[in-house]
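Every number in this text was worked out from the coordinates using simple rules, so none of it is lab data. These numbers were taken from a predicted model, which means no experiment stands behind them. Counting neighbours? That spans all protein chains shown, and the Cβs are built from the backbone with ideal geometry, glycine included.
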Amino acid sequence: MIRKYRKPVHIAMNSLYYIPEQYEEIADIVKQCMKIGFDSFILADPALILYLRQKGISCKIHLSGEVGEMNREAIKVFQKMEIGRIIFHRKNTVASMRQMIEAVNAEKLEFEAFALNELCQFTGAFCNSLHCDEMGYLCRTTYWGDAEMEERMEQVRKRTLEIEEQQEQQYLCGKSGCALCALPQLEAAGITHLKLVGRGNYVEDMIRDIRNLKAALGVLEENQREEKETGRYIDQLNKKIFDGQPCGNNCIYNPGQFL
Ligand SMILES: [Zn+2]
Ligand SMILES: [Zn+2]
């Protein structure tokens, strides 16, 4: 399929840690995968990365967003392990991503940010909820962050039920996490790749997500050609993807802006 569709495929083994016996086993799996043409891996365990490098395995490594906290010093440490790409976790602000990218000033390094779906009450790393296909999870409940929490609990419960019913019934782009509205800022910050989360979603919805992300990138490109103006981009994005409405209230980089 890789050859047929000519798309790069990266293999994720992004547990935060493994038991000692597994390191050797994983190194073998990585070597076997490399033999049949997979050369890039998404990893989250620094010990595993170090182990692979010490074994002389020269695969490309993308540092998973699951790693958690990220800052310029952390990036420098991982650069020494010859990381090819940093995937920022969901709670990095655009401003902090920009600062980190500017500070490490590395031409060869790629930077990836979340673009659609799967917000997390935590950063995505060390999540105390579950992100799995079999059960509903806490991280899909609506976000509330003010002091009137108590009074709002009943409202939230109702709203959550409504949203869950909606989610079952109808597709809504970015309903569980949207960064389409932040694409101009992400690009300006130096982000080179975007992550669209598809795990656990219906195939039809994934196809629509991919089409919408591509359409949003098209709108961005068109607007850039003339002049870089976020307002114009947002207007056209809303027209093209959100039926003239602003994007949902689950924006990854502008939390709560439409509440
Ligand atoms: Zn979570
Ligand atoms: Zn948005």
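When only DSSP loop residues count, what trypsin sites (Lys or Arg not before Pro) in segment 1-74 have their Cβ near at most 15 other Cβ atoms within 10 Å? Write down the numbers at each step before the final one.
Working: sites: Arg3, Lys4, Arg6, Lys31, Lys35, Arg53, Lys55, Lys60, Arg72; in loops: Arg6, Lys55.
Of the trypsin sites (Lys or Arg not before Pro), the ones in loops of segment 1-74 whose Cβ has at most 15 other Cβ atoms within 10 Å are Arg6, Lys55.
What is the spin-label model distance, in nm, from Ala215 to Thr230 if the labels are put 7 Å beyond Cα along the C-beta direction?
Rounded to a tenth, the inter-label distance reads 2.3 nm.
Cα to Cα, under 16 Å, and not fewer than 8 places away if on the same chain: which lysines meet these conditions relative to Lys80?
Lys55, Lys60, Lys108
Loop only per DSSP, at most 12 neighbouring Cβ atoms within 10 Å: give me the chymotrypsin sites (Phe, Trp or Tyr not before Pro) in segment 17-117, ordered by residue number.
Tyr17
Between the DSSP loop rule and a limit of at most 12 other Cβ atoms within 10 Å, which GluC sites (Glu not before Pro) in segment 1-103 are left?
Working: sites: Glu21, Glu24, Glu25, Glu66, Glu69, Glu73, Glu82, Glu102; in loops: Glu69, Glu82.
Within segment 1-103, the qualifying GluC sites (Glu not before Pro) (loop, at most 12 other Cβ atoms within 10 Å) are Glu69.
Give the cross-link partners of Lys175 among the lysines, using a straight C-alpha distance below 19 Å as the criterion and excluding same-chain residues fewer than 8 apart.
Those lysines meeting the cut-off are Lys91, Lys158, Lys195, Lys214, Lys239, Lys240.
Considering Cα pairs under 8 angstrom that are at least six residues apart, work out the relative contact order of segment 47-98 and quote it in whole percent.
42
So between Gln54 and Leu130, what do we pick up on full extension, going 0.36 nm a residue minus the alpha carbon distance?
Length gained, Gln54 through Leu130: 24.1 nm.
What full-extension length gain, to one decimal in nm, is calculated for Ala106 and Arg159 as 0.36 nm per residue of separation minus the Cα-Cα distance?
Separation in residues times 0.36 nm, less the Cα-Cα distance, equals 14.6 nm.
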